[in-house]
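This report concerns only the one structure given below.
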Amino acid sequence: MSSLFMLASLGFGLLLSAAIRIQFVAAQISIVAGFLPAFFLSGLLFDLGSAPTVIRLVSYLVPARYFVTISHTLFMAGDIKSVLVPNGLVLAAMAVVFLSLSYRKIPKRLER
């Protein structure tokens, strides 16, 4: 499950670096678009059940939300497939989408 999360995060990072040509700007945008939402909207620090509806809906776009749910389930309750499988499938779908978009965005050229 953690490798699915890493693939989704890697795909997001590759998509950002493929879309933005300046390294400094890409690093700044990755902090704002990747780290901060993962930190605040994952449900690790703050309970998302008491968050406003808009924040909860935005949190479904963050891969860390699904990984935190998987981690909580594994550490507290054990291997519960009804929680692990849907969250793992969402992470796999995010990984496929991000990696395929970044593959399309990366220029292909042959150099001698």
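Every number in this text was worked out from the coordinates using simple rules, so none of it is lab data. Bear in mind the structure is a predicted one, so any value in this text is a computation, not a measurement. A quick note on method: Cβ atoms are made from the backbone with ideal geometry, for glycine too, and the neighbour counts reach across all protein chains shown.
Name the residue, out of 21, 65, 56, whose mean-square fluctuation peaks in a Gaussian network model built on the chain with Cα pairs under 10 Å.
21
Mean-square fluctuation check for the chain, GNM, Cα pairs under 10 Å: which of 93, 26, 77 is largest?
Evaluated over the chain, the most mobile residue of the options is 77.
At R0 = 35 Å, how high is the FRET efficiency between residue 97 and residue 25 if r is their beta carbon distance? Nearest 0.05 is fine. All intermediate terms of the calculation are to be shown ahead of the outcome.
Values: r = 23 Å, r/R0 = 0.66.
Once rounded, the FRET efficiency stands at 0.90.
Please state the relative contact order of the chain as a whole percent: Cα pairs under 8 Å, 6+ residues apart?
Computed value for the chain: 43 percent relative contact order.
Report, in degrees rounded to the nearest 10, the 0 to 90 angle that the Cα long axis of helix 81-105 makes with the longest principal axis of the chain.
Orientation of helix 81-105: about 10 degrees from the principal axis.
For the residue pair residue 51 and residue 104, what label-to-label distance in nm results when each label sits 7 Å from Cα along the Cα-to-beta-carbon direction?
Computed distance between label sites residue 51 and residue 104 equals 2.8 nm.
First check a/c for the range 24-71, with a ≥ b ≥ c the square roots of the eigenvalues of its C-alpha gyration tensor; if it is under 1.5, answer rounded, and if not, answer prolate when a/b is larger than b/c or oblate otherwise.
Numbers: a/c = 2.52, a/b = 1.74, b/c = 1.45.
Prolate shape, in that a/c is at least 1.5 and a/b is the bigger ratio.
Using a Förster distance of 35 angstrom, determine the FRET efficiency expected from the C-beta separation of residue 2 and residue 111, and round it to 0.05.
About 0.45, to the nearest 0.05.
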